[in-house]
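See below for the structure under consideration.
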């Protein structure tokens, strides 16, 4: 078995905690060589101590021998007192530091010092609980590239959204979280592929979004309205339908996404046919493939909401889900309207072209008759008339 190493480190944001006293910890999602994903929390002082030890282990790469040989990235020292603003401002630097660290040669990026620092600790899984019941405040960093991000991209304080579990779910991998109907979880990250990263007391892991619903209102209010014009997407992997309302597609085909649903199964149109497809098999047309294409090979498809049995939903009556017949009828209606508009435009263009062909003949001005010699002489000045008389 190969030695463990880290594929990717993503900074999710930071938490403001209140036990044993007020302090801040950064949240990192660490992806390992076996594609498992772990959430770890580290103080900035811990990160800087790790950085100092790394420089001592590699004096040449840290520039201690010759400054021009330095490859280990810089990391500013912690301030005497870290407040909310300094913790926010440091996120971009810290995210860039992690990216630069993993791009170093394997003797550094895969050394035991790096591996052990980002391994899951007991306090990552079982953080100290506040007896007063005060939850940590979570500040999430937007998912745009950190190179283009700035401090204004950082959200304000966010108390994680709480969701109720509507049916029992038994985890299938170590990275997932098993839940029971009636449990209330806090959602850390919502992925469009239908898997959400959740926290239940001291446990964390991925849960299918179809098993979750908001506490106060139907979750359809979070979904975008259907767009029957469609957004071009490309199929990244073959898919054979298992239910009647799903589509069969081949890798490389282009479809129109007309409704992005929270459970990770999107309604798409292929030609004039509509049906459901897993979002993780789609990429937006014109965009590069995701950095981790192995995700669709290793992560199971999330279950569709309609396939969950014994769902104890509190919002079944108030939900206004769109039926498949409605999707198909509205999609056909849109296609007919678009075809009618296209035909109208073609007719209008043809008429305009015909008018342009006819217009030169109709608009051609008549050539005026040449005036007589007497008229010309009558309109000339006396100076011109005297010259004409002289020439004659």
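The values are calculated or read from the model by the stated rules, or taken from the named source; none is laboratory data. Keep in mind the model is a prediction, meaning the values are calculated, not measured. Cβ placement follows ideal geometry from the backbone for every residue including glycine, while neighbour counts extend to all protein chains displayed.
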| note | With the first residue restricted to the stretch 271-294 and required to be farther than 22 Å from residue 335 by Cα, and the second required to be assigned to a helix (DSSP H, G or I) and modelled with pLDDT under 75, Cβ contacts under 7 Å at 6 or more apart or on different chains are 280/295; 280/296; 281/296
| query | Just a yes or no: is a residue in the stretch 217-229 in a loop (DSSP other than H, G, I, E, B), farther than 30 Å from residue 332 by Cα and either assigned by TED's automatic domain parsing to the domain that holds residue 29 or in contact with a strand residue (DSSP E or B) (Cβ under 6 Å, 6 or more places away or on another chain) (or both)? | reply | no
| When residues of the stretch 266-287 are limited to those that are in contact with a helix residue (DSSP H, G or I) (Cβ under 7 Å, 6 or more places away or on another chain) and not in a loop (DSSP other than H, G, I, E, B), the one surrounded by the fewest Cβ atoms within 10 Å (Cβ to Cβ) | 281
| note | Taking the stretch 238-263 and the residues there that are touching a strand residue (DSSP E or B) at 6+ places or on another chain (Cβ under 6 Å) and assigned to a loop (DSSP other than H, G, I, E, B), the one that is farthest from residue 197 (Cα to Cα) would be 253
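Does residue 381 meet the test of being loosely packed, with under 10 Cβ neighbours inside 10 Å and modelled with pLDDT of 75 or more?
yes
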| Within the stretch 52-66, which residues are in contact (Cβ under 8 Å) with a residue 40 or more places away in the chain and part of a helix (DSSP H, G or I)? | 53, 54, 57
| Are any of the residues in the stretch 185-192 within 20 Å of residue 311 (Cα to Cα) and at pLDDT 90 or above? | yes
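Considering only helices (runs of 4 or more DSSP H) fully contained in the stretch 69-129, which possess at least 3 residues that are crowded, with 16+ Cβ neighbours inside 10 Å and out of contact with any helix residue (DSSP H, G or I) (no Cβ under 7 Å at 6 or more places or on another chain)?
On the way: elements: 84-89, 91-102, 106-109, 112-117, 122-125.
Once the helices (runs of 4 or more DSSP H) in the stretch 69-129 are filtered for at least 3 residues that are crowded, with 16+ Cβ neighbours inside 10 Å and out of contact with any helix residue (DSSP H, G or I) (no Cβ under 7 Å at 6 or more places or on another chain), what remains is 91-102.
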| remark: Among 336, 355, the single one that is in a helix (DSSP H, G or I) and at pLDDT below 65 is 355
